[in-house]
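S.K.: Next up is a structure, given as structure tokens.
What follows draws every value from the coordinates through simple rules; no lab data is involved. All of these numbers come straight from a predicted model, not from anything done at the bench. Methodologically, a virtual Cβ is constructed for each residue, glycine included, from the backbone with ideal geometry; neighbour enumeration extends over all protein chains shown.
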């Protein structure tokens, strides 16, 4: 076989570039799995109570819709993996996606593959190296995660099954991203395709898990396969072969696509554009909109689908028995009291708010990539002020993230209209809860803007802050963090369960913080040098 | 002639690396000013400070009568910039980029735009990511040249252009000069500098080494001499003549190089020895710049002495 020359060198290059990213990510995921297991054991010191909770959870479509089914409710260990199998698997898949993209399409877009490819480097070597690095990272992470769960006191076989299930999800998305990197011309497009696929697989299994007639849907989702391993139940390792085969097939597809395309190109050739700019393309905001609209529309479609599907699931949820054990468990795992359907929706809404914040941060940080790509230099050499440039992108980040939550609220209401006696009542019940996190999301966007304004070389801090908010706010109650720490997350303030009354003061306070952050971003950006690398 | 650009004792460091170390630069209104120096000399840093993209550590910079850091919006209506690295938005067509940059500057001349697209043979419908380096450069040039601004700041504007396009570029710059507008042209292409520039400044390691017309600069350098003498003096005597270096004597044939200011003096001293034939070789542009780039600081001192 030819085409693989220098793969080893490229693997070493990738490891050199990732020497901080990969260990941090691996440790975080392992800590998530192990920490979650041990804190659940602490929550349910009596196995009988754990079994009781597991039985109740297994009967609750809300829990199943969110976290997947419980393989064996009679095994107390199963509660320890409930929250991490699917959710943690998603984080693992995101890591796999970023790792593969980073060493394939991003490199190609930057012209580095051309530079490297002119050496004695096989045509297949860059993709092979990326797939190897990502796959080994996924397998090692999964194995360590499984071992850390066993170390926390859960059964060894079940923990290894957990590792196999997790590795399956991660590997599947190594394959998906490898193929996506061949299809799209840009790294952004590659991420959109891979993360979009991840969202679809999550939803497909959620529908499959909660519906009697559509149960087969779980079998077409890589996340569903992880559930079918039945960790801490039947421990069917054989099912983990499914994602392995799937991954090999996708990587084969990626290589086949690679052979059929030119370097730097995708499969779809670029169409010619307009010979003149439309009259509206005349302001920094118009430019920002032109650059960002595709991404925003993609997110809006995704959020609308999520809202509709989750709203539909929530419709089923309340028709089931409202069990006090489930409510108790949800509360302990980091939810709040309320009707079961509302608790389910409020949990989902918190994650959607984190998602909207992630969108807002990435939209705000477009400023950074514009600057690194030397586009900002050209714009600022015209009579555009730095403030106008910043405001253009900030408006899209702030407005877009708010719009996402509006869309998800409307989607939930539309999907769940039947159980709320009509759309109007559904909107009245759900919209306030969907919109309440907007100021918290804006604080995250404001932080990203300030980091860009003041510390453009370390904009990754904005993502680290979001991750920290996610950990302390969402997982803090599960890990038993002190209240003061949990309150550091803006998402801990002002968010309400659907039907709850929206508190004004915390929301106004958060909005003021966000406004101050945006102002500070303008001041700091105005005073610094442009960074050209 | 009032100055379009006036820089005095400009300093700029990035962390511990010093980019500009007391730079002076003066560009008169209406002149095409060449801005030269070896890689890393600080040319692009200077241009970025002029554009308000970087903030000077110390020194004074006056651009079109204003402060480039604080008067961004008003000044930038009056200038156009072609960056050294032209990167276009991958999803915008060349035509869209030209119109966008023109409008952001405050408007462009539609007649000029059409004519320039035609002259440079640019396909304005291609998307940014599909242009070659030369064509990206053309997009930036058309965007800058199709505006009626007072000052053009051009950072190696012809890198990647083919000779035909380079010739068109020169014609366009000559037309800009004929309109009385100012151009600051950073370039490594000496023939381009020679053809276009009224005056030029050479910088090295963040300082100005030399400023003047090409004729002034030629004056500061050496002329090669190849002479056959009827009665040659001893070599030591020739080497001791002012301004003479690298003297060699082979029989009756003398080769040496002499500072151009001392050329007449040398000829006068050689006259009594019976000059049978004489070739004097003025320095080529290349030699001139190599000399300046390599020995820049030493020459400055010499020039300063000469002026004193």
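S.K.: Using the Kirkwood radius over Cα pairs, work out the Stokes-Einstein diffusion coefficient for region A:1-154 at 25 °C and 0.890 mPa s, in µm²/s as a whole number.
M.R.: In µm²/s, the coefficient is 140.
S.K.: Do me a favour and compute the ellipsoid semi-axes for region A:453-529 from its Cα gyration tensor, root of five times each eigenvalue, largest one first, whole Å.
M.R.: 28, 18, 9
S.K.: Taking every pair of distinct Cα atoms and averaging 1/r, then inverting, what Kirkwood hydrodynamic radius in Å comes out for region A:119-188?
M.R.: 13.6 Å
S.K.: So for B:193, A:458, A:116, fewest C-beta neighbours within 10 Å to most, what's the order?
M.R.: Placing the least packed residue first, the sequence is A:458, A:116, B:193.
S.K.: Quick one: in region A:183-311, what % of C-alpha pairs are over 21 Å apart?
M.R.: Beyond 21 Å sits 60 percent of the P(r) for region A:183-311.
S.K.: So for B:284, A:60, B:17, fewest C-beta neighbours within 10 Å to most, what's the order?
M.R.: Exposure proxy ranking, most exposed first: B:17, B:284, A:60.
S.K.: What does the convex hull of the Cα atoms of region B:222-282 come to per residue, in Å³, rounded to a whole number?
M.R.: Per residue, the Cα convex hull of region B:222-282 comes to 65 Å³.
S.K.: Regarding region A:384-533, what is the average projected area of its C-alpha convex hull, in nm²?
M.R.: Averaged projected hull area, Cα only: 10.9 nm².
S.K.: Bin by bin, in steps of 5 Å, what percent of the Cα pairs in region A:281-533 do you find, going until the bin that has the longest distance?
M.R.: Over region A:281-533, the share of Cα pairs per 5 Å bin runs 1, 7, 13, 17, 17, 15, 11, 8, 6, 4, 2, 1, 0 percent.
S.K.: Restricting everything to alpha-carbon atoms, can you work out Rg to Rh for chain B with a Kirkwood hydrodynamic radius?
M.R.: Reported Rg/Rh, Kirkwood definition of Rh: 1.08.
S.K.: In Å and from the alpha-carbon atoms only, list the Rg and Dmax of region A:1-267.
M.R.: When restricted to Cα atoms, region A:1-267 yields Rg and Dmax of 19.4, 64 Å.
S.K.: May I pose another question? Using Cβ contacts closer than 10 Å as the measure, can you line up A:177, B:261 from fewest to most?
M.R.: Going from sparsest to densest Cβ surroundings: B:261, A:177.
S.K.: Here's another thing I want to ask about it. Could you identify which residue out of B:140, B:230, B:56 has the top mean-square fluctuation in a GNM of chain B using Cα springs shorter than 10 Å?
M.R.: Ranking B:140, B:230, B:56 by mean-square fluctuation puts B:230 first.
S.K.: So in the protein assembly as shown, what percent of DSSP beta bridges are antiparallel if you round to the nearest 5?
M.R.: In the protein assembly as shown, DSSP labels about 70 percent of beta bridges as antiparallel.
S.K.: Same structure again: From the P(r) of region A:195-246, can you give the percent of Cα pairs sitting at distances over 12 Å?
M.R.: The answer is 61 percent, as a whole percent.
S.K.: Right, here's the next one. If one puts a single equal scatterer on every Cα of the protein assembly as shown and applies the Debye formula without solvent, what log₁₀ I(q)/I(0) results at q = 0.07 Å⁻¹?
M.R.: With no solvent term, the Cα-only Debye profile gives -0.67.
S.K.: Can you give the % of DSSP beta bridges in chain B that are antiparallel, to the nearest 5?
M.R.: 70 percent
S.K.: In addition: What is region A:281-533's relative contact order, in percent, from Cα pairs under 8 angstrom and six or more apart in sequence?
M.R.: 26 percent
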